[in-house]
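This report concerns only the one structure given below.
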Amino acid sequence: MTRKQKRLSVIVAGLAFLGAATGLTFYALGQKASYFYMPADLTAASVQPGQRIRLGGLVEKGTIQRGQGATVAFSVTDTQKSVKVMYTGILPDLFREQQGVITEGSFGPDGVFVADSVLAKHDESYMPKEVADGLKAKGVWQESKSE
Amino acid sequence: MVETGHFALVLSFALALVQTLVPLFGARTGNPRMMAVGGPVAVTGFALTAFSFAALATAYASSDFSVASVWENSHSLQPLIYKITGTWGNHEGSMLLWVLILTFFGALVAVFGGNLPATLRANVLAVQGAIGATFFLFILTTSNPFARLNPAPIEGRDLNPILQDLGLAVHPPLLYLGYVGFSICFSFSVAALIEGRIDASWARWVRPWTLVAWMFLTGGIAMGSYWAYYELGWGGFWFWDPVENASFMPWLAGTALLHSAIVMEKRSALKIWTLLLAILTFSLSLLGTFLVRSGVLTSVHAFATDPTRGVFILCILTLFIGGSLALFALRSSRLTAGGLFHPISREGALVLNNLFLTTATATVLVGTLYPLALEAVTGDKISVGAPFFDLTFGPLMLPLLAIVPFGPLLAWKRGDVFAAAQRLMAAFALALAAVLVTALFVDGASVFAALGVGLAVWLVCGALTDLAVKSGAGSVAPAIMLRRFAGLPRSVFGTALAHLGLGLTLLGIVGTLSFGAEKILSMRAGETIELSGHTLRFEGLYPAQGPNYSEDRGRFALLGADGSTISEITSAKRFYPVRQMTTTESGIKTIGFSQLYLSLGDEATDGSVVVRLWWKPLVTLIWGGGLVMMAGAAMSLMDRRLRVGAPSRRRKPTGAVPSAGLP
């Protein structure tokens with residue numbers, strides 16, 4: 001094999017790899033990335049039942065209900081609309097009323113959001129970034145809240 | 001002490017500038033005295049940075065709350081060990097640790113690089129100094145750890161409770177030793193580009209540094225993964241979190257570099273590629289530093305969000321990545337191209353390894369940066385998690401893992417796949433047996449799980465086959481084989497151990513993901529929970545008091561077949577009053593290589609407690625494999641050819657035998 005052929009074969013192999021990886025990446029980004037929504041965005045976005053999304057907002061006051069065993073129901077609100085969320089499992093340590101949370105899961109046919117993971121803030125000065133941005137955009141967030 | 005520390009830091013910055021300019025100028029003009037300046041300056045710079053770091057650590061240890069950083073991240077009631085580790089449990093301190101390690105590596109080059117060509121050494125130290133100077137400037141202008149508060153507060157605000165853990169004491173230093181260790185490879189590459197000269201001996205100098213950095217990075221990632229596993233209480237070992245990816249990308253690229261440097265050293269091929277990889281690896285380390293430190297990501301690691309810091313690091317990133325790549329574009333054509341080789345050969349296998357690893361790195365990079373880019377462009381917020389990486393990273397890694405055992409068995413220049421395959425027959429048979437046994441005899445095993453176990457066994461047996469073949473198994477008498485085995489070069493053991501470790505990690509991942517079980521139950525004292533053949537009885541909640549927290553300990557008894565208590569597992573809900581924060585301390589019981597993992601939830605009004613119990617088969621192998629990989633790297637480092645800075649030592653006499661005691 002001459003130098004030119006060798007180089008060509010390496011380049012062809014490299015391009016084949018890149019092509020395969022690009023294809024996979026695009027497919028995966030289309031299929032597997034989950035979008036973030038706040039409750040008020042949902043009507044405009046037309047999210048299908050079963051489609052995986054992340055839903056963020058504040059835990060609405062007085063809506064936390066502990067059901068059978070480890071199942072919990074609560075509402076996530078952005079102060080304009082709220083969505084009922086069902087979750088089975090252990091809630092994060094800092095899950096409280098009127099705290100920012102991000103839940104991940106999908107809507108059931110009955111319109112209840114079934115979450116398989118719930119993320120809350122890590123410490124008292126942290127609000128999930130998406131939730132903070134979303135609330136700011138809706139004008140219900142004051143910068144001083146974060147301090 | 002604090003002001004002296006600050007002053008030492010300013011001096012280090014000045015020295016880093018000297019270390020950049022004087023040797024660089026000396027190397028250009030061929031002035032040996034100016035070139036020689038780099039060494040002593042690098043050592044002094046390290047000493048000053050170490051002093052500065054010690055000053056900060058002292059302020060932390062003695063709870064000097066007049067220092068803003070101490071006030072924000074420490075408390076007088078914290079145990080001493082967490083006061084000290086808190087030094088790097090915050091943005092300012094961790095950046096100081098970053099430069100401390102950077103100057104440490106610079107000093108190592110100065111001390112052990114005596115046999116490097118003078119101009120190369122000068123240029124390497126100059127580049128190292130330049131990286132140092134920018135980061136010193138970053139610390140001094142945007143993240144001064146020594147800033148004072150007046151009046152001094154009486155009490156501090158406590159370290160983030162989830163960072164009050166021994167894992168934190170070890171994880172950042174190890175990770176940084178890895179991250180920053182790659183700066184040496186970067187500096188060598190840029191120095192080679194400045195000189196416009198590169199040869200096989202360059203690879204011989206760079207390889208030990210790559211090995212050292214890779215070894216620590218492996219340890220850092222494994223430690224971080226284990227910390228997240230037991231401390232966050234979710235029982236996951238890898239979340240594909242951008243911050244984790246930030247450390248994983250340099251690891252993947254560094255692994256590719258490790259392999260391509262072998263080709264360059266042995267066969268003087270792939271020179272330009274190796275050089276580019278070295279630049280890319282450290283660029284990914286810098287990118288990682290940017291992602292973690294700039295606050296573009298919110299996570300445990302983003303201690304504070306200050307836009308000026310992000311912009312500053314972005315500038316550093318642009319300067320070094322852009323600068324080195326521009327230099328590469330301008331100069332790489334000057335470097336002589338490498339030798340020829342047949343595609344079916346050890347070199348060919350290593351090239352294939354590099355193709356897989358770099359493409360995999362690219363998919364991780366896309367998965368990490370795409371959400372950021374999309375949000376910046378369209379405002380859409382997406383999250384890219386495990387499903388994305390399963391679909392992109394997974395298909396790239398699986399074929400790579402399948403061909404790993406072939407590589408070391410192929411000869412240089414022209415290999416014979418069939419001969420290698422013949423030698424691997426035993427390993428293949430064992431792997432096949434593992435697949436069949438798993439599929440037929442393990443309950444609930446899917447086809448993928450069985451194949452995963454088979455692949456792991458294939459990797460482990462392949463590594464052992466390599467050792468057996470190289471010590472002449474089957475062709476020589478056992479005694480000779482044993483002697484040959486003992487006489488194998490350390491780097492052969494290194495390769496085998498690293499590949500074996502990879503197999504163990506894979507086995508751990510497959511075991512945990514495929515055969516694990518979990519149960520969530522609301523329990524009262526006296527009730528039992530049963531999972532995968534293990535029975536636990538909840539003994540009740542017991543309040544306890546720690547130095548700076550109070551906790552409710554849930555005690556669980558692990559019951560034997562006859563109902564007697566074999567051992568106890570404790571999981572706790574801790575409350576840290578200073579930060580008003582609750583953390584969960586998971587309860588873990590290791591049984592063989594597997595673990596029972598227990599996490600306590602909230603107490604309900606009726607006195608019952610939500611308990612989440614996992615059975616994690618073979619989970620410890622995930623990190624155990626990492627340790628074996630580290631051992632492999634250490635073994636390779638002990639190879640006399642590769643001992644740091646050793647190339648010329650062989651020529652020295654081996655030292656006179658002391659004869660005083662002999663007649």
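Just so you know, all these numbers are worked out from the coordinates, no wet-lab data involved. None of the values given here were measured: they were computed from a predicted structure. Neighbour counts run over all protein chains shown; Cβ positions are idealised from the backbone, glycine included.
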Neighbour-count order for B:Cys315, B:Cys185, B:Cys461, fewest beta carbons within 10 angstrom listed first: B:Cys315, B:Cys461, B:Cys185
Ranking of B:Lys271, B:Lys470 by count of other Cβ atoms within 10 Å, fewest first: B:Lys470, B:Lys271
Where labels lie 7 Å past Cα in the beta-carbon direction, separation of A:Lys61 and B:Asp390 in nm: 4.1
Net dipole in debye of the protein assembly as shown [+1 Lys, Arg Cβ; -1 Asp, Glu Cβ; about Cα centre; nearest 20]: 4120
Additional length obtainable on full extension of the chain from B:Ser550 to B:Met1, 0.36 nm per residue less Cα span: 194.2 nm
Inter-label distance for A:Tyr27 and A:Ser117, nm, one decimal - labels placed 7 Å from Cα along Cα-to-Cβ: 2.3
Hypothetical label at B:Thr605: residues of the stretch A:61-100 whose amide nitrogen lies under 13 Å (7 Å Cα-Cβ projection): A:62-67
Neighbourhood net charge (12 Å Cβ-Cβ; Lys/Arg +1, Asp/Glu -1) for A:Ser82: +1
Per-residue average of Cβ from other chains inside 10 Å of A:29-40: 5
Inter-part distance where the stretch B:540-613 and the stretch B:485-530 are each reduced to a Cα centre, Å: 24
Label-point separation in nm, A:Lys84 to B:Ala429, each point 7 Å along Cα→Cβ: 6.3
Over the protein assembly as shown - Rg/Rh using Cα atoms and the Kirkwood inverse-distance radius: 0.98
Gain upon complete extension [B:Val578, B:Lys413; 0.36 nm per residue less C-alpha separation]: 52.9 nm
Counted charge near B:Arg334, where neighbours are those whose Cβ lies closer than 12 Å (Asp, Glu -1; Lys, Arg +1): +2
Centre separation in Å (Cα based) which lies between the stretch B:403-426 and the stretch B:191-237: 27
Alpha-carbon centroids, the stretch A:76-101 and the stretch A:1-38: separation in whole Å: 40
Label zone at B:Glu527, where the point sits 7 Å out along the Cα-to-Cβ direction: the stretch A:73-100 residues whose backbone N lies under 12 Å: none
Förster-model FRET efficiency, 51 Å R0, B:Leu314 and B:Ser475, C-beta, rounded to 0.05: 0.30
Long-range Cα-Cα pairs in the stretch B:517-616 (distance over 25 Å), rounded percent: 19
Estimated FRET transfer efficiency when R0 is 51 angstrom, pair B:Asp562-B:Arg157 (beta carbons, to 0.05): 0.50
Rg [Å, one decimal], Dmax [Å, integer] - chain B, C-alpha atoms: 26.8, 87
Length gained when the stretch A:Arg96-A:Gln48 is fully extended (0.36 nm per residue, less Cα-Cα span): 14.4 nm
Highest-first arrangement of B:557-565, B:111-119, B:193-201, A:85-93, where packing means the average Cβ count within 10 Å: A:85-93, B:193-201, B:111-119, B:557-565
R0 of 30 Å, Cβ-Cβ distance B:Asn31-B:Thr141: FRET efficiency to nearest 0.05: 0.40
Positive minus negative residues near B:Tyr230 (Lys, Arg vs Asp, Glu; Cβ under 9 Å): -3
Neighbour-count ranking [beta-carbon atoms within 10 angstrom, fewest first] of A:Lys4, B:Lys616: A:Lys4, B:Lys616
